[in-house]
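**Q** Below: one structure in structure tokens.
The values are calculated or read from the model by the stated rules, or taken from the named source; none is laboratory data. Note that the structure is predicted; figures quoted are calculated from it, not measured. Positions of Cβ are backbone-derived with ideal geometry, glycine not excepted, and every protein chain shown enters the neighbour counts.
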Amino acid sequence: MSNFLCLQDLADLFGQPIERRGSALDPGTLGWSFENVCTDSRALQPGDLFVPLKGENFDGHNFLDAAVAVGAAGALVASNWPGEIPEQLAYLRVADTTDAYQKVALLWRQFMQLPVVAVTGSAGKTTTRELIKACLNPLGKVEASSGNENNDIGVPRTLLRARQPLAAVVLEMGMRGLGEIDRLSRCAEPSIAVITNIGTAHIGRLGSREAIAKAKCEITASLNPDGLLVIPAGDPLLEAEIAQVYSGRVIRVALNDDELGVGTPPAELIGQISSNGKQMLLNEPSLTVDLPLAGAHNARNLLLAFAVAKELSVELNNLCKLDVQLPGGRARTITLQGKLSGVTVLDETYNASPEAVLASLSLLAQQPGRCFAVIGTMLELGDKSVALHRLVGERALALALDGLFVLAADNEAEALMAGASGLDLVRRVNSPEAAAEQLQKILKPGDYLLLKASRAIALEKMIPLLDC
């Protein structure tokens, strides 16, 4: 095999001949190594392999002419594509181009023979992915998912982007239903799998936490038999599902004051957060590390990352001070500089599940100043939505926040406000702009403000309005 994949590799993989209309295929071209595998005709470069994907509102096969014009090395074409394939384009027929894209990624993953770490969970996937990446940096360059590369297209894209020299690949795996993570696991054949938690995100689609646990544990479908599963200790639901589908090694992590479910196995890696919330003492090895991200939920995520690092022979004493860069809208702290100078914003605007909102509220309440929150709708919770929004309001009340602003649909807004009834300040607003306008009249230097909602609510619009 060449430095990267070539046309002959694809012919061997799919058991189909490489074809070309209009002229005979020179046998020498089968050895051509293509530079990249690309699914977007707009990003194609000369020498790329084009994989046209089909979605609800598009079909990449309509851009085969563009692939020829750019100078693509070849293309995978769906067997049922009725259109005419351009002359001079080397191509190979496949049953389904998305499935074929994943098979090509798996072929490359098997050729690289690198450690592949896969991460899933109801909350904290991206944060844990970035913590693992930072913990593996002592080994050398680490390729990792970026943005939303956690689905049927993003996972193979990350694998195919990986090039030697490389120490490891870290993949995030998301899902909206059963079977999706199973496919991603089979595409990636992870060496180590990490499940951050089993919560209620997407419960509207899956119906129950039991179904969510089943979906998340699909990450073990193609976990290397000699590999490792890393999970938080103490969740009976997660333990029950793992017992059904996986018989390999498991490492469990926990904070020393976590309440573990009755009869669940103990944690092997345990952390104790310092009184100032800025450090954590590990039990094995006995070591004090700085917490790169605030909050108990992020300390648990760090323990998951440490377990991965230990498995890959990273000395944890090299990780006492980590530099972790998260994508926008996650665990970001902003000190406002304009009219509200001195106010600190906890920017958690990227997305929201009930568990993530509860963790963020707990972190907010630990801050030294007055504490306010803008909480928006948490989506895809189905018939559990009203009850879970009320639970968030009840937590805001229990934490005695100084103010809660609610930006949600009617039933969810009423539930949030009912749960928080008893706080001195609870208001409903109809837009991020309206929330910002009211907060400008309330916030003072030393105050803390949490912004948290599902992506569609776009709470990030508030930040430039406040910081002016």
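**Q** Name the single residue, out of those in the range 68-80 being under 31 Å from the mean Cα position of the chain (by Cα) and free of Cβ contacts under 8 Å to residues at least 60 places away in the same chain, that is surrounded by the most Cβ atoms within 10 Å (Cβ to Cβ).
**A** Ala75
**Q** So, one more: So Ala215 passes all but one of these: (1) touching a residue at least 60 places away in the same chain (Cβ under 8 Å); (2) within 17 Å of the chain's Cα centre (by Cα). Which condition number does it fail?
**A** For Ala215, the exception is condition (1).
**Q** When you scan the range 68-93, how many residues do you find that are under 14 Å from Cys38 (Cα atoms) and either of a type in the set (S, T, N, Q) or not in a strand (DSSP E or B) (or both)?
**A** 5
**Q** Here's something else I'd like to know. Which pairs have Cβ atoms under 9 Å, sit 6 or more apart or on different chains, and link a residue in the range 420-432 that is in the same structural domain as Asp410 (by TED's automatic domain parsing) to one that is exposed (fewer than 13 other Cβ atoms within 10 Å of the Cβ)?
**A** From residues that are in the same structural domain as Asp410 (by TED's automatic domain parsing), the pairs are Leu423/Ala400.
**Q** Take the residues in the range 125-169 that are of a type in the set (Asp, Glu) and either touching a residue at least 40 places away in the same chain (Cβ under 8 Å) or buried (at least 23 other Cβ atoms within 10 Å of the Cβ) (or both); name whichever of them is nearest to Thr196 (Cα to Cα).
**A** Once the filter is applied, the top-ranked residue is Glu130.
**Q** Right, here's the next one. Can you tell me which residue among Thr39, Thr120 is surrounded by 19 or more Cβ atoms within 10 Å (Cβ to Cβ), within 30 Å of Leu358 (Cα to Cα) and not hydrophobic (A, V, I, L, M, F, W, C)? Quick ask: steps written out before the conclusion?
**A** On the way: Thr39 fails: within 30 Å of Leu358 (Cα to Cα).
When all the criteria are applied, what remains is Thr120.
**Q** May I pose another question? Taking the options Val314, Val343, Val392, name whichever one is assigned by TED's automatic domain parsing to the domain that holds Leu131, buried (at least 16 other Cβ atoms within 10 Å of the Cβ), at pLDDT 95 or above and out of contact with any His (no Cβ under 7 Å at 6 or more places or on another chain).
**A** Only one candidate qualifies: Val314.
**Q** Can you go through Gln8, Gln45 and tell me which one is touching a residue at least 24 places away in the same chain (Cβ under 8 Å) and at negative phi?
**A** Step by step, each of Gln8, Gln45 is checked, and only Gln45 is touching a residue at least 24 places away in the same chain (Cβ under 8 Å) and at negative phi.
**Q** Quick check: is even one residue across the range 43-50 surrounded by fewer than 20 Cβ atoms within 10 Å (Cβ to Cβ), outside the structural domain of Leu160 (by TED's automatic domain parsing) and acidic (Asp, Glu)?
**A** no
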